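Asks: Sharing a structure, written as C-alpha cells. Questions coming.
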Amino acid sequence: MKPPAFKYLAPTTVDEAVAYLAEYGYDAKPLAGGQSLIPTMNFRLAQPAVLVDLNRVQELSYIRPAEDGGVLIGAMTRHVQVERSDLVAQRLPLLHETVPFIAHPQIRNRGTYGGSISHADPAAELPAITVAHRGRVQLRSTRGSRWVPAEEFFLGLFTTALEPDEMVVEIALPALPPRTGWAFDEFSRRHGDFALVGVAAAVTLSAQGRVDEVRLVFMGVGDRPMTSAAAPAVLVGQEPSDEALEEAAQRAAQEDIDPFGDVHASAAFRRHLASVLAKRVLTRAVERAQAR
Amino acid sequence: MSELHTVRVTVNGTVYERQVEARMLLSDFIRHELGLTGTHVGCEHGVCGACTVLFDGEPVRSCLMFAVQADGHEIMTVEGLAPEGEMHPLQEAFHEAHALQCGFCTPGFLMTLKPFVETHPNPTDEEIRKAISGNLCRCTGYQHIIEAVKLAIKKIHHSDAA
C-alpha cells in the first residue's frame, strides 16, 4: 500500500526541527530512520499530516565519550554506526552485544537510536538496553530541554514521556560499574524477526564475589521494558550459585513480566522462554563479572 | 497536499531530476519515474528485502524511504551492477550455482550482497546467513544462494583458484 499525502519538512538544525514541532503539535511526526514509521504509514495505520524529517539534521548524528566513562549518542545515530563503534565496544559491551540482534542489516543501515526509543515498541532491543544501562534521554522542544531517566521514559505500548512538541536529541549511557558482567540474548522464530522474548542482564559482584547489584530487563513480555524486582531480591548479598541464579530467573519470569499470547507463541511459552533466557544471561553475566 | 518537491539524485552514475510528491516511496520513484524496473517491490513494509538498493553504498530497503529523502544522494540499483550485456561476478555466481528460480527476490539479494562479498573474502556460513537474513526467497531454500555467495567470493577475491 501507499502512504497518504502529508506535508514534508526537512529541517537542518534541531532549533528548526523543534520550531516545526511547536508549530504543528499533534499533527506532526518526526521522521527518523523511518524503519517503523514508514511501514506504518504504508499500511495507513499512521497518517500524520506533517512529517518533520530529521535525516538532514547532522548535529544529531554522533557517538561521543562522556566524562563519567559512559557514552553519549545522538538521536539520529544509526544502528550500524553503533554496531561498528569501537567506543561502544569498549565502554558499553552490553549495547555492543545487542545491536546485531536488531532486525536485519538493511534496517540497521537506516534505523536510529532516537527513533527506536521514541517508537517504544516493547519488543524492540534498544528500549530494554537503555533501561538496563540506566540510561537517560534528553528531550528538546522550543520550551527548553530536559533529561528523563529511561525507566521513566517508557510509559506503555508505543507510549513515552515525549510531549507532542518534543523530540529526543541525545541518549546518555553510563558505563557499567567495575566487576560487572553483562549479557543479552533473545529468542526469535527467524533471525532478525521481532523476538518472542529478549533479556538483558548486568551483574555487579563485590570484591568477595557476592552479588552487589543485578539489572535484569525483559523485552517482548509486557507493554514496555520490564525490569525485574525479583532478581535483585533473590540475589543481592548472595553467592551467585547456580541454584540462586535459577531461583532468580524463575521468580523473575513468574513475578515481573506480563506476557501475551498470539499466533506465534502462547503466553505460557513466552514465560517459559523468559525463565530460560534469564537463567542463561544471568549465568553469562556472572561469569564475565568473575573474569573482570 | 499535492505539493511537489524537487529530487536530484544520482542513480547508477546518471543524474536524474524529477518533481515528486513527498509521499512517493523511493521504490516507486525508481520504478515509475526512472523506469528502472529491476528493483522489485514485494511486501512494501520492510520484510521481504526485494526492493533493496544501495543508498550511498549501503544496502537499504527502498520501500522504507521517501524519494524526497534521496535528494542529493547516490543510489545503485541492480541495473548498475555491470555494464549492459555483462554480468557482475555475483550475478554470474547466482547463474552458475542455480541461486534463483523465479528470480523475483534476486535483485534484492544481489544488492544486499554486493558490499558484503567485496568486504568479506572468507566469511563463515553463519556470516553469510546473517548477511542475507533480511531477504526472503520462497523458491530456493537459500542453500544455493549461500553456494553462490561463496562462488562469487572465489571469483572476486581468489580468481587464481576459480
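Asks: What residues qualify as long-range amide H neighbours of B:His73, i.e. H under 5 Å apart, gap of 5 or more or another chain, H built at 1.01 Å from N?
Replies: B:Thr10
Asks: Place a point 7 Å from Cα of A:Asp15 in the direction of its Cβ. Which residues in region A:44-59 have their backbone N less than 18 Å from it?
Replies: Within reach of a label on A:Asp15, which here means backbone N under 18 Å from a point 7 Å along Cα→Cβ, region A:44-59 contributes A:56-59.
Asks: Let me ask something additional. Under 18 Å from a point 7 Å along the Cα-to-Cβ line of A:Glu59: which residues of region A:107-145 have their amide N that close?
Replies: What the label zone holds, given the 18 Å backbone N cut-off, is A:114, A:138-145.
Asks: Now for a different question. Expressed as a whole percent, how much of the Cα-Cα distance distribution for the protein assembly as shown exceeds 27 Å? Walk me through the numbers before you get to the answer.
Replies: On the way: 58290 of 102831 pairs.
Tail fraction, whole percent: 57.
Asks: Provide A:Thr227, A:Thr12 in ascending order of the number of other Cβ atoms located within 10 Å of each residue's Cβ, fewest first.
Replies: Least crowded to most crowded, the residues run A:Thr12, A:Thr227.
Asks: To the nearest whole number, what is the average tally of beta carbon atoms from other chains within 10 Å of the beta carbons of peptide B:49-61? Write out the running numbers ahead of the final one.
Replies: Details: counts 4, 0, 1, 4, 1, 1, 3, 1, 1, 7, 7, 9, 9.
Other-chain Cβ atoms within 10 Å of each residue's Cβ, averaged: 4.
Asks: Tell me, what is the percent relative contact order of region A:7-53, built from C-alpha pairs under 8 Å that lie six or more residues apart? Display every interim value, and only then the final one.
Replies: Values: 46 pairs, mean separation 26.8, N = 47.
Reported relative contact order: 57 percent.
Asks: How high is the FRET efficiency between A:Asp258 and B:Thr37 when r is their beta carbon distance and R₀ equals 56 Å, given to the nearest 0.05?
Replies: Calculated transfer efficiency: 0.75.
Asks: Now for a different question. Points 7 angstrom from Cα along the Cβ direction at A:Ser145 and B:Arg138: gap in nanometres?
Replies: For the pair A:Ser145/B:Arg138, the computed spacing is 4.8 nm.
Asks: Report, in degrees rounded to the nearest 10, the 0 to 90 angle that the Cα long axis of helix B:106-119 makes with the longest principal axis of chain B.
Replies: The two axes meet at around 70 degrees.
Asks: So if each residue of separation counts as 0.36 nm, and I subtract the Cα-Cα distance between A:Ser206 and A:Leu157, what length gain in nm does that give?
Replies: Fully extending the segment from A:Ser206 to A:Leu157 adds 14.0 nm.
Asks: Still on this structure, I have one more. Please identify which residues in region A:73-99 have an amide N closer than 19 Å to a label point set 7 Å out from the Cα of B:Thr119, following the Cα→Cβ vector.
Replies: Label zone hits: A:77-90, A:96-99.
Asks: Considering every residue in B:64-73, what mean count of other chain Cβ atoms within 10 Å of its Cβ is obtained?
Replies: Going residue by residue through B:64-73 and averaging, the value is 5.
Asks: Could you work out how far helix A:14-24 tilts from the main Cα principal axis of chain A, as a 0 to 90 degree angle to the nearest 10?
Replies: So the helix axis and the longest Cα principal axis differ by about 70 degrees.
Asks: ³J(HN,Hα) across region B:62-72 via Karplus (A = 6.51, B = -1.76, C = 1.60, θ = phi - 60°), whole Hz, x for Gly/Pro?
Replies: 6, 7, 10, 9, 8, 4, 4, 6, 8, 3, x
Asks: On to the next question. Tell me, what are the semi-axes, in whole angstrom and largest first, of the equivalent ellipsoid of region B:89-157 as set by the roots of 5 times the Cα gyration tensor eigenvalues? The partial results should precede the final answer.
Replies: Working: eigenvalues 56, 32, 21 Å².
Working through the eigenvalues yields semi-axes of 17, 13, 10 Å.
Asks: Let me ask something else about it. In the Gaussian network model of chain B, springs joining C-alpha atoms below 10 Å, which of B:Val78, B:Val60, B:Val15 carries the largest mean-square fluctuation?
Replies: Looking only at B:Val78, B:Val60, B:Val15, the biggest GNM fluctuation is shown by B:Val15.
Asks: Also, I was wondering about something else. So which residue, out of B:Cys105, B:Cys51, B:Cys139, gets the largest mean-square fluctuation from a GNM of chain B using Cα contacts under 10 Å as springs?
Replies: Judging by the Gaussian network model, the answer is B:Cys139.
Asks: Just tell me the longest site-free run in chain B, where the sites are GluC sites (Glu not before Pro) in a DSSP loop having at most 12 other beta-carbon atoms within 10 Å.
Replies: In short, B:4-83.
Asks: Can you tell me the Rg and Dmax of region A:60-173, counting just the alpha carbons, in angstroms?
Replies: Cα-based Rg and Dmax for region A:60-173 come out at 13.0, 37 Å.
Asks: Just flag the trypsin sites (Lys or Arg not before Pro) in region B:42-149 sitting in loop per DSSP whose Cβ has no more than 16 other Cβ atoms within 10 Å.
Replies: Counting only loop positions with at most 16 other Cβ atoms within 10 Å, the trypsin sites (Lys or Arg not before Pro) in region B:42-149 are B:Arg138.
Asks: Let me ask something else. For B:Leu25, enumerate residues with amide H under 5 Å from its amide H, sequence gap 5+ or separate chain, H modeled in the peptide plane.
Replies: B:Ala67
Asks: Turning to a different aspect of this structure: What value, in deg cm²/dmol to 500, does the helix sum -39500 (n - 2.57) over DSSP H runs of n ≥ 4 give at 222 nm once divided by the residues of chain B? Each step should come with its number before you reach the end.
Replies: Working: 4 runs with 44 residues, N = 162.
Rounded to the nearest 500, it is -8000 deg cm²/dmol.
Asks: Sticking with this structure for a sec: Pull up all non-local amide H partners of A:Val197: gap of 5 or more, or a different chain, and H-to-H distance under 5 Å with H placed in the peptide plane.
Replies: Amide H neighbours of A:Val197, under 5 Å, 5+ apart: A:Phe187.
Asks: Could you check which residue among B:Ser27, B:Ser62, B:Ser133 shows the biggest mean-square fluctuation in a GNM of chain B with a 10 Å Cα cutoff?
Replies: Per the Cα network of chain B with a 10 Å cutoff, B:Ser133 tops the list.
Asks: Taking θ as phi - 60°, what are the ³J(HN,Hα) couplings along region B:41-47 by the Karplus curve (6.51, -1.76, 1.60), each to the nearest whole Hz, with x for Gly and Pro?
Replies: With coefficients 6.51, -1.76 and 1.60, one gets 10, x, 8, 6, 9, x, 9 Hz.
Asks: For the pair B:Cys102/B:Glu74, report the inter-label distance in nm, with labels modelled 7 Å from Cα in the Cβ direction.
Replies: It works out to 3.5 nm between the two label points.
Asks: HN-Hα J couplings of region B:122-129 from phi, Karplus 6.51/-1.76/1.60, θ = phi - 60°, integer Hz, Gly and Pro as x?
Replies: Computed from phi, the couplings for region B:122-129 are 9, x, 7, 4, 4, 5, 5, 4 Hz.
Asks: Counting other C-beta atoms within 10 Å, and keeping those with at most 14, which DSSP coil chymotrypsin sites (Phe, Trp or Tyr not before Pro) do you find in region B:22-90? Working shown, then result.
Replies: Values: sites: B:Phe29, B:Phe55, B:Phe66; in loops: none.
Answer by residue number: there is no such site.
Asks: Could you list A:Lys279, B:Lys155 in order of exposure, starting from the residue whose Cβ has the fewest other Cβ atoms within 10 Å?
Replies: Going from sparsest to densest Cβ surroundings: B:Lys155, A:Lys279.
A short reminder: the numbers here are calculations on the coordinates, not readings from a lab. Just so it is clear, the model here is predicted, and its values are computed rather than measured. Backbone-built Cβ (ideal geometry, glycine too); neighbour counts: all protein chains shown.
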